[in-house]
Amino acid sequence: YYQIHESQADKWALSEKYKTGKFNPQKIGEFAKYLGVATVLSINHNDCYYSKDYAIEHLEDILGSENINASRLIWRTCISQENDCPSFCYKQSRPDGRYNFSRDGDSSIIATLKKYKWVPQKNEEKVEFVQPHDAVAEKLPDGFEYQTGWQWLQKLEFGKGVYEQREAALREKQTQSQEYKHKEQVAKELGFESPEEAEKMARLKKENPEAYQQFEESTARKECPTFPTRPVANPERRQERLGEQLTDAPDKEYEKRERSVRTTNGAIDPITWLRNQYTNEADQMVCQICKEEMPFRKRDGAHYFEKKEALSKKYLPKEHEAQYLALCPLCAAKYDEFVKTDDEVMTELREEIVSAEDCEIPISLGDEKTSIRFVETHLHDLKVIMDEAG
């Protein structure tokens, strides 16, 4: 401060010699404070009968110097006033000319500090000076203590500009995301995998109608079949019947042969049960994972599919049709590879099923994020079986 105004200085800094030699700088500093040396700038109270204001001499000259030491001094001065004289942020007046003072906007100190680029910000190896409005606490250099609740920082609107920019960017991102989701939904309704694919086909149709016509003729788009619905008409009665079935159901047993063969599953018929559950009104049987029609029909006209136990004997010890899934061969292979061989994944899947509030259960098959979709009756029965198994 006094170096900047050397010609008008009436005080001087402690000698640089105290930083070297046998002197302990910290102890010297504490001793100097005890003797009354100045460590913060003086705040001038400009009081009269009708108004009160606060100012610092030569403040504009200091702020224009873009000197990090001067900025640190101003910062430290404001901190010192936070508890000793918090009213230094405000200009005060007597609007009625007689009674108590009331706050009347920013003090001269705050108004001046708002205007100048004096707050240092670390940017990699460089330091740049910005207005308080455009500063962030994370970029303050060492020696600039920061607390969110300080009144003088709030009056300076510290970081408000950065916050507003971040909020605007977030809103823009959300808007773009919503627009993209809408485009994605429309594209899928039209049979495309993504908005980009739809736009590509639109360009093709506009730029090369003949090629587009040939593409349409050679490619028949496969419509996603309607997933069947099986609402639970009477959950209590269905649960009662399931309880009776589970009471009479044999425990799963295995005999040690050349290979492990289950000897108890002849008491149930999951093939017929699943076929009835997952065949829609258009006579299409739908895979529970990819939600596509099963890939082909057998010679007897029935869809080929694979039944897969949802979980192992550890979680489903009783024989029952509802513990199986109806999957196409590809999804069945993925399920074996990424679920049935990983006990931790099966445990997570069990928890998802038990706590499910709708018929879509999220699942990961390697890097693929997808879901298992149930008809209501199937999910109801599977939950009851899991509850009985504990």
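The values are calculated or read from the model by the stated rules, or taken from the named source; none is laboratory data. Note that the structure is predicted; figures quoted are calculated from it, not measured. Note that we place each Cβ from the backbone using ideal geometry, even for glycine, and neighbour counts take in every protein chain shown. For accessibility, only protein heavy atoms count, side chains too; no ligands or nucleic acids. Shrake-Rupley method; radii C 1.70, N 1.55, O 1.52, S 1.80 Å.
The angle between the Cα long axis of helix 160-189 and the longest principal axis of the Cα atoms of the chain comes to about 20 degrees, rounded to the nearest 10.
Rounded to two decimal places and with Rh computed the Kirkwood way over Cα pairs, what is Rg over Rh for the stretch 231-390? Ratio of gyration radius to Kirkwood radius: 0.95.
By the Stokes-Einstein formula, at 1.567 mPa s and 4 °C, the stretch 314-390 with its Kirkwood radius over alpha-carbon pairs has D equal to 100 µm²/s. Normalising the Debye intensity of the stretch 84-202 to I(0), with uniform scatterers on Cα atoms only, and taking log10 at q = 0.14, 0.21, 0.23 Å⁻¹ returns -0.75, -1.15, -1.26.
By accessible area, using a 1.4 Å probe on protein heavy atoms only, the chain has 46% of its surface on carbon and sulfur. Per-residue ellipticity at 222 nm computed for the chain from its helices equals -12500 deg cm²/dmol, with DSSP H segments shorter than 4 residues left out and the rest contributing -39,500 (n - 2.57).
When exposed loop sites are taken as GluC sites (Glu not before Pro) in a DSSP loop with at most 12 other Cβ atoms within 10 Å, the longest stretch of the chain clear of them is 1-123.
How far is helix 209-218 tilted, in degrees, relative to the longest principal axis of the Cα atoms in the chain, given as a value from 0 to 90 rounded to the nearest 10? Between the helix axis and the principal axis of the chain, the angle is about 40 degrees. Measuring only protein heavy atoms, the 1.4 Å probe finds residue 61 accessible over about 90 Å².
Per residue, the convex hull spanned by the alpha carbons of the stretch 118-174 comes to 96 Å³.
When the convex hull of the Cα atoms of the chain is projected onto a plane and the area is averaged over all directions, what value comes out in nm²?
Taking a quarter of the hull surface, the average projection is 42.4 nm².
Heavy atoms of the protein chains alone define the surface here; on that basis the stretch 268-344 has 47 Å² accessible area per residue at 1.4 Å probe size. Hey, what angle do you get for helix 195-207 against the long axis of the chain, alpha-carbon based, 0 to 90 degrees rounded to 10? On a 0 to 90 degree scale, this one is about 80.
Taking all protein chains as they are arranged and a probe of 1.4 Å, the heavy atoms of residue 158 leave approximately 30 Å² accessible to solvent. How big, in percent, is the set of alpha carbon pairs in the stretch 281-345 lying more than 20 Å apart? Taking all Cα-Cα pairs of the stretch 281-345, the fraction more than 20 Å apart is 35 percent.
For residue 155, a cut-off of 22 angstrom between C-alpha atoms picks up these lysines, skipping any fewer than 8 places away in its own chain: 52, 91, 114, 115, 117, 139. Compactness of the stretch 16-156 is given as radius of gyration and Dmax, 17.5, 62 Å, from Cα positions. Looking at the stretch 287-390, the trypsin sites (Lys or Arg not before Pro) that sit in a DSSP loop and have at most 13 other Cβ atoms within 10 Å of their own Cβ are 298, 299, 314.
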